[in-house]
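The values are calculated or read from the model by the stated rules, or taken from the named source; none is laboratory data. Just so we're clear, the structure is a prediction, and the values are computed from it rather than from any experiment. Heads up, the Cβs are rebuilt from the backbone with ideal geometry, glycines too, and the neighbour counts pull from every protein chain shown.
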Amino acid sequence: MFARLLTALGHSVVSFVVYVGDVVVLAGETISSAFAQKIRWRLFMQQIVEIGLLSQLVVVITGAFTGAVFAAQTYFQFNKLGMGSAVGAVVSVSICRELGPVLTALMVTGRVGASMSAEIGTMKVTEQIDALRALAVHPIDYLVVPRTLAMMVSMPLLVAEAVAIGIAAGYFVAIFLLEVNGTYYMANMVRWTQMRDIIMALTKAGCFALLIVFISCHKGLTSKEGAVGVGKATTEAVVNASLAVLIFNFFLTMGLNIIFPAGYQ
Amino acid sequence: MIEVRGLAKQLGRQEILRGVDLTVAKGETLVIIGRSGGGKSVLLKHLIGLMQPDAGEIWIEGENIIGLTERKLARIRRKVGILFQGGALFDSMTVEENIAFPLEEAGERDPEKVAEKVREMLDVIELEGQEKKMPVNLSGGMKKRVGLARSIIRRPSCVLYDEPTSGLDPVVSDSINRLIRRLQKRFGVTSIVVTHDMKSAFHLADHIAYLHEGRIYFYGTPQELEISTDPLIQDFMLGRSENGAPKSG
């Protein structure tokens, strides 16, 4: 019984290591292709529209309501201590350093990661990827590189947008609904929010973009067994990318906090 | 032109190919017949490097393609076109975009030249006026025609056909067979056709190979196949199952 449990555990660990290795190999091949092979700018632009433009509504709503609710909750706690005007600083720094990048990444995973995995997976099971290969076109050059570049451009912009809208929504809620003094609110926010907070947000955005695109494309490229397989690959892509974003976020926070320490210096 | 030596492939626990030897001369048409699930499509995919064998060699125009990386295989694949069983058209592209795809990927940037070649191909496959349609709006036969146009637009020296008439009615099947014959005459390509449709086989073949239990069981001309008294071949040609043709695959 114990031996069987140990074998099952060992098998899971080996499978996980192989999976991570496969994703890393895909990342390596993609980076090498981006430098060594021709870039398909038309596909890149299509992906910019797909990832950047068509995610606008999702990102605006996520940023706005996160900022709004976070400002309200912070105010409810801080006001008891007479610190209502500190809400702006808390909202701004938190949204820059954590909420903006993480929530945007999770929303993009759900919308774009799922779509990438499903589209590439469908191409795989309908022999379209074999057709690409047979026509002397490398699937990584054609499918993964344009998506990776588009994600690298779109994600920082989407995160910056979510952060800006979140801060604006927080300001609106604090000033107009909760009647916090606007001058102090702004003064505290500007004083405590530093360039390093914005750099941290954008750095996280770039890292999350790579995680989402490689995990989603890998799941699509390795999907099998028809429609059921594509559905399974899509679900796994969303779950794995979301978990990877949350886990990496912790390590990124700890690492980046050494380079860009939080708080007024 | 193409030589296969001792090709072996196992998928899971099943031995699909057990040492296939074949030679296809330049300009000839070889038809590979055999029962469904017998490894014909697997063999075809090996010929263009879409699958890697467990053992054996494949020589195309004097070069062994086994062990070549995906990028090095691209050079070989420019010489070999393939028609997939379901057409494998890119479903996000129109008919003309599908046909033009290999040219654009090869670096042809002049839209006039691309459009002219696409028109020529549409004429060859008799689908003029359908260029704006999406693959989802095409019939099975039309998809195969478009797939064929896409695979030959760069004028490969060899074309592989995976079940070109499967799932089509007899009239459409005949039109596809005629189209393949016409392409052979017009462009002089070497062809390897995988099928279990005997009518197609006799219509197209210079030589026929019967793949059975992972090996080439018979190789000869259509006339030699027709007069063969081998019970296994007789059963296959007549579509008989009672005499107990051993199960393949």
Residues of the stretch A:27-72 being of a type in the set (Lys, Arg) and under 13 Å from A:Val108 (Cβ atoms), in sequence order, are none
Being more than 24 Å from A:Lys124 (Cβ to Cβ) and at pLDDT 90 or above narrows it down to one of B:Glu120, B:Glu96, so name that one.
B:Glu96
So, B:Glu108, is that one surrounded by fewer than 16 Cβ atoms within 10 Å (Cβ to Cβ), part of a loop (DSSP other than H, G, I, E, B) and either more than 8 Å from chain A (Cβ to nearest Cβ) or within 21 Å of the chain's Cα centre (by Cα) (or both) or not?
yes
Of the listed residues (A:Thr148, A:Thr193, A:Thr126), the one being in contact with an Asp or Glu (Cβ under 9 Å, 6 or more places away or on another chain) and crowded, with 18+ Cβ neighbours inside 10 Å is A:Thr126
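Quick grid of which residues meet (1) under 15 Å from B:Met134 (Cβ atoms); (2) touching a strand residue (DSSP E or B) at 6+ places or on another chain (Cβ under 8 Å); (3) assigned to a loop (DSSP other than H, G, I, E, B):
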| position | (1), (2), (3) |
| --- | --- |
| B:Gly67 | no, no, yes |
| B:Lys72 | no, no, no |
| B:Ile76 | no, yes, no |
| B:Phe90 | yes, no, yes |
| B:Met93 | yes, no, yes |
| B:Glu96 | yes, no, no |
| B:Phe101 | yes, no, no |
Taking the stretch B:40-67 and keeping residues of a type in the set (A, V, I, L, M, F, W, C) and within 12 Å of chain A (Cβ to nearest Cβ) leaves B:Leu44, B:Leu47, B:Ile48, B:Leu50, B:Met51
Under 6 Å between Cβ atoms, which residue pairs at least 6 apart in sequence (or on different chains) link something in the stretch B:146-175 that is closer than 16 Å to B:Ile192 by Cα with a partner that is crowded, with 22+ Cβ neighbours inside 10 Å and hydroxyl-bearing (Ser, Thr, Tyr)?
B:Cys158/B:Thr190; B:Val159/B:Ser191; B:Glu163/B:Thr195; B:Thr165/B:Ser200
Might you let me know whether the stretch B:17-30 holds any residue that is surrounded by fewer than 20 Cβ atoms within 10 Å (Cβ to Cβ), of a type in the set (Asp, Glu) and touching a Gly at 6+ places or on another chain (Cβ under 7 Å)?
yes
Near pairs, Cβ below 8 angstrom, 6+ apart or cross-chain, from the stretch A:131-142 (in contact (Cβ under 8 Å) with a residue 12 or more places away in the chain and at the interface with chain B (Cβ under 7 Å from one of its Cβ atoms)) to any residue that is assigned to a helix (DSSP H, G or I) and of a type in the set (Lys, Arg)
A:His138/B:Arg71
Check the stretch B:172-193 and report whether any residue there is out of contact with any helix residue (DSSP H, G or I) (no Cβ under 8 Å at 6 or more places or on another chain), closer than 17 Å to B:Lys40 by Cβ and buried (at least 16 other Cβ atoms within 10 Å of the Cβ).
no
By residue number, the members of the stretch B:89-105 that are of a type in the set (S, T, N, Q) and within 10 Å of another protein chain (Cβ to nearest Cβ) are B:Ser92, B:Asn98
Counting only residues that are of a type in the set (D, E, K, R) and in contact (Cβ under 8 Å) with a residue 24 or more places away in the chain, which one in the stretch A:94-130 is farthest from the other protein chains (Cβ to nearest Cβ)?
A:Arg97
